[in-house]
1. Please work out if Phe238 is under 20 Å from the mean Cα position of the chain (by Cα) and without any contact (Cβ under 8 Å) to a residue 24 or more places away in the chain.
2. Scan segment 61-83 and tell me whether some residue there is over 21 Å from the mean Cα position of the chain (by Cα) and closer than 22 Å to Asp195 by Cβ.
3. Within segment 346-362, is there a residue that is of a type in the set (Phe, Trp, Tyr), over 21 Å from the mean Cα position of the chain (by Cα), surrounded by fewer than 17 Cβ atoms within 10 Å (Cβ to Cβ) and assigned to a strand (DSSP E or B)?
4. For Gly263, all conditions in the list (1) closer than 29 Å to Asn199 by Cβ; (2) in contact with a strand residue (DSSP E or B) (Cβ under 6 Å, 6 or more places away or on another chain) hold save one; what is the number of the exception?
5. Restricting to segment 45-64, name every residue that is basic (Lys, Arg) and surrounded by 19 or more Cβ atoms within 10 Å (Cβ to Cβ).
6. Of the residues that sit in segment 257-284 and are in contact (Cβ under 8 Å) with a residue 40 or more places away in the chain and over 26 Å from the mean Cα position of the chain (by Cα), which one is surrounded by the fewest Cβ atoms within 10 Å (Cβ to Cβ)?
7. Any chance segment 194-201 includes a residue that's of a type in the set (Gly, Ala, Ser) and in a strand (DSSP E or B)?
8. Would you point out which residue out of Asn181, Asn166, Asn199, Asn190 is within 16 Å of the chain's Cα centre (by Cα) and buried (at least 16 other Cβ atoms within 10 Å of the Cβ)?
Amino acid sequence: MKKNTLHLLVAAVSSLVCGVPSVSAKTFTESMQQGSVVKVNFRTRFEDVSEDGLKDSDALTTRSRLSYQSGAWNGFGFSAEFDDVTELTNDVDYRTAPSGDANNPGTAIIADPEGTEVNQGFISYTNFNNQVKYGRQRLILDNARFVGNVGWRQNEQTYDGVSWTNKTIRYTNFTYAYIKNVNRVFGEDNLLQGDHNHNSHVLNLSYTGFDAGKLIAYAYLLDVENPIAAKGASSDTFGLRWQSATHGMFQYNLEYAKQSDAGALGLFDAEYLLAEGTLSVSRFAFTGGYELLGSDDGSYGFATPLATLHAFQGWADKFLATPAAGLEDKYLKVGFTAVGTQFLLGYHKFDSDTGSLDYGDEIDFSVSKKIGSVVWTAKYADFAMGDVAAYKDTTKFWLMADWNF
């Protein structure tokens, strides 16, 4: 049934592009040169990880990125992006993944493997209110809680497939994507945790015609074909998200989603809840929130395998996989800006959805400032273990420089 959906999409794309007049090779060549954009980015980062029971890990890496975007040719365009991640000390003495990396056993994980990859490479077609992309591409939906690019890691997560964005109806934005493969942050050399083969469909519809805010409905139908994929990687998720308007001092977000097994047996189901509010006063922003990744009676925890997980549930990344007992995250954040410098302080309290388990709590702090063309960031996370031994005390520190040319 999902393959039939892909055939329908291909037919729709064909109807959009039919009737495009032929253009000489010279015109095409000019569009590739005159309207093109080339960008270069370097991101150098030191990361230190200390986790009880494991040997401390340090990494000093640089990601070099070359991006190219062609000009338009009768609506068609081409984009390519190449990334190289290098360990500057020439000594990778840490694990880069929870599995699939047999090197340096017993060390804390820093998920920045060395390697050179095509990060993006796609053909696009834009016609009135439609845009279609075919190939390897970045895909970020809403706040990246369900579908994101994991932009924090040096090796970005991108997707192989087809995407279609339509804005024909006023105030609406509809996105559909068929995902054939996910290029994960662990790198293509990791045969277990690297690429994940998919036969997945992603649909997201937003409406901004309300004065009070934006309403979003989504369906994420994930079919992961890797035999070692975790339970819940193949799932059907349907949800609604409300983002209030940002004018005024107060802004809030509400969200609910229901997730079930993608198979016919319906082996599990779980719920997701979010309630978050932000009060902005002068240079301060105060945020409080409650996020629930529910449990199916202790047998399964709500999963978001395509999310930018580092942005949620604390920067120590203790809950990249949701515990079977589920996860409640009650958090407070304070942001402050002064002399062109951004400060952020956060606190998280983690508990289970079922079973009254105390997973622990975490304090996060970051400071960021742009000096010339370089954005400097220092960041710290401190997770303190609760009653569950699997989630041990962990501290992480980063110092990063990011500049564009």
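1. Numbers: under 20 Å from the mean Cα position of the chain (by Cα): yes; without any contact (Cβ under 8 Å) to a residue 24 or more places away in the chain: yes.
Yes, satisfied.
2. Just the residues of segment 61-83 that are over 21 Å from the mean Cα position of the chain (by Cα), to begin with: 68-78.
From what's left, closer than 22 Å to Asp195 by Cβ: none.
No, every residue in segment 61-83 fails to be over 21 Å from the mean Cα position of the chain (by Cα) and closer than 22 Å to Asp195 by Cβ.
3. Initially, segment 346-362 is screened for residues of a type in the set (Phe, Trp, Tyr), giving 347, 350, 359.
Subsequent filtering for residues that are over 21 Å from the mean Cα position of the chain (by Cα) retains 347, 350, 359.
Filter once more, so that each one left must be surrounded by fewer than 17 Cβ atoms within 10 Å (Cβ to Cβ): 347.
Within this subset, residues satisfying the condition of being assigned to a strand (DSSP E or B) are 347.
Yes - at least one qualifying residue is present in segment 346-362.
4. Looking at each condition in turn, Gly263 falls short on (2).
5. Arg45, Arg63
6. Per the criteria, the residue is Arg283.
7. Yes, some residue in segment 194-201 is of a type in the set (Gly, Ala, Ser) and in a strand (DSSP E or B).
8. Details: Asn166 fails: within 16 Å of the chain's Cα centre (by Cα); Asn199 fails: within 16 Å of the chain's Cα centre (by Cα); Asn190 fails: within 16 Å of the chain's Cα centre (by Cα).
Among Asn181, Asn166, Asn199, Asn190, only Asn181 is within 16 Å of the chain's Cα centre (by Cα) and buried (at least 16 other Cβ atoms within 10 Å of the Cβ).
The values are calculated or read from the model by the stated rules, or taken from the named source; none is laboratory data. Please read these numbers as outputs of a predicted model, since none were measured by experiment. Reconstructed Cβ throughout: ideal geometry from the backbone, glycine too, with neighbour counts over all protein chains shown.
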